[in-house]
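Below is one structure, written out as structure tokens; comments come after it.
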Amino acid sequence: MISGRSERGKPPVEPVTLKILVAGGFGVGKTTLVGAVSEIRPLRTEELLSEAGRPVDDTSGVEAKHTTTVAMDFGRITLREDLVLYLFGTPGQERFWFMWDELSEGALGAVVLADTRRLEDCFAAVDYFERRAIPFLVGVNCFEEASRYPADTVRQALDLDDGVPVLLCDARERESVKEVLIGVVRHAMDQRAADRRRATLG
Ligand SMILES: Nc1nc2c(ncn2[C@@H]2O[C@H](COP(=O)(O)OP(=O)(O)OP(=O)(O)O)[C@@H](O)[C@H]2O)c(=O)[nH]1
Ligand SMILES: [Mg+2]
């Protein structure tokens, strides 16, 4: 039987699916970012921040926060009809980091979300991706209460390589998050192409 699509002369496209990680410190907006763009109801694994966790969960700066991600966030966004991203938000707290290696398996690239009030919280994520040569960009989640800094100031503060893009964003805004995601796909593709060129040149 001929499908509706091919009747119109357009073969159905099997989309390329890419895996993107969303990392960064505790409470920086990872769950918010995945929720802002996901076209499926995002899978969340939020737990109440408990009394028991208080000694280890550093909530300074995020006092209004009552839940935290304990395993991962998962969402999906179709960037183009032939390009679908699967988003995996990593847990922000260090005690859940044993999961990162598992989550980063097969990832094309990563977004490291940063809050300029607590930039040091994303050092570990930056280190992690640098060490494993996973292409990443830094998305500065611009909270209203935080001072604005130019991207270059953030780049210097994080001691990033020149090639690592730094984008200002709002994790609650779909269009803003989409730009970040397009940025990370572009950056990862560029980096792969550069790696291939280097490999060919020996
Ligand atoms: N004003 C403002 N608030 C935000 C923004 N992004 C997130 N929030 C709020 O900040 C809090 C933390 O956001 P989450 O998305 O839970 O952060 P997270 O990175 O997933 O946190 P963990 O999983 O615990 O590490 C929530 O109360 C959000 O509503 C933002 O861009 N602006
Ligand atoms: Mg979360």
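Evaluate E = 1/(1 + (r/R0)^6) for Arg196 and Asp101, where r is the Cβ-Cβ distance and R0 equals 30 Å; express this FRET efficiency to the nearest 0.05.
Values: r = 25 Å, r/R0 = 0.83.
After rounding, the FRET efficiency stands at 0.75.
5 Å is the cut-off here: which amide hydrogens, built 1.01 Å from N in the peptide plane, fall below it relative to Leu83, excluding neighbours closer than 5 in sequence?
So Leu83 has HN proximity to Val16.
Cut-off is 10 Å between beta-carbons; in what order do Phe136, Phe74 appear when sorted fewest neighbours first?
Exposure proxy ranking, most exposed first: Phe74, Phe136.
Would you order Arg186, Arg41 from fewest to most other beta-carbon atoms within 10 Å of each residue's own beta-carbon? Kindly include the intermediate steps, with their values, before the conclusion.
On the way: Arg186 14, Arg41 8.
Ranking Arg186, Arg41 by Cβ neighbours within 10 Å, fewest first, gives Arg41, Arg186.
In nm², what is the average projected area of the convex hull enclosing the Cα atoms of the chain?
Details: hull surface 58.5 nm².
If I average the Cα hull's projected area over directions, I get 14.6 nm².
For Gln156 and Arg41, FRET efficiency with R0 = 41 Å and r from the beta-carbon atoms, rounded to 0.05? Show your work: numbers first, answer last.
On the way: r = 39 Å, r/R0 = 0.96.
My answer for the efficiency is 0.55.
Could you give the C-alpha radius of gyration of the stretch 153-202 expressed as a fraction of 2.2 N^0.38 Å, taking N as the number of residues it contains?
Against the compact-globule rule of thumb, the ratio is 1.43.
With each run of n ≥ 4 DSSP H residues scored as -39500 (n - 2.57), what mean residue ellipticity at 222 nm is computed for the chain after dividing by its residue count and rounding to the nearest 500 deg cm²/dmol?
On the way: 6 runs with 62 residues, N = 202.
Estimated from H runs of four or more residues: -9000 deg cm²/dmol.
Going by amide H atoms built from the backbone, whose H comes under 5 Å of the H on Val140, apart from near neighbours?
Distant-sequence amide H within range of Val140: Ala114, Leu167, Leu168, Cys169.
Considering only DSSP beta bridges with both partners in the stretch 61-202, what is the antiparallel share in %, to the nearest 5?
The antiparallel proportion sits near 45 percent.
Taking other Cβ within 10 Å of each residue's Cβ, how do Thr200, Thr45, Thr67, Thr31 sort, fewest first?
Working: Thr200 7, Thr45 16, Thr67 13, Thr31 24.
The order, fewest Cβ neighbours first, is Thr200, Thr67, Thr45, Thr31.
Taking each pair of different alpha-carbon atoms in the stretch 69-168 once, compute 1/r for the pair, average those values, and report the inverse of that mean as the Kirkwood hydrodynamic radius in Å to one decimal.
14.6
For the stretch 116-174, how big is the tail of P(r) above 18 Å, as a whole percent of Cα pairs?
Beyond 18 Å sits 32 percent of the P(r) for the stretch 116-174.
Bear in mind these aren't lab numbers, they're just calculated from the coordinates by the rules spelled out. Note that the coordinates shown come from a computational prediction; the quantities given were computed from them, not determined experimentally. Here Cβ is always computed from backbone atoms with ideal geometry, including for glycine, and neighbour counts include all displayed protein chains.
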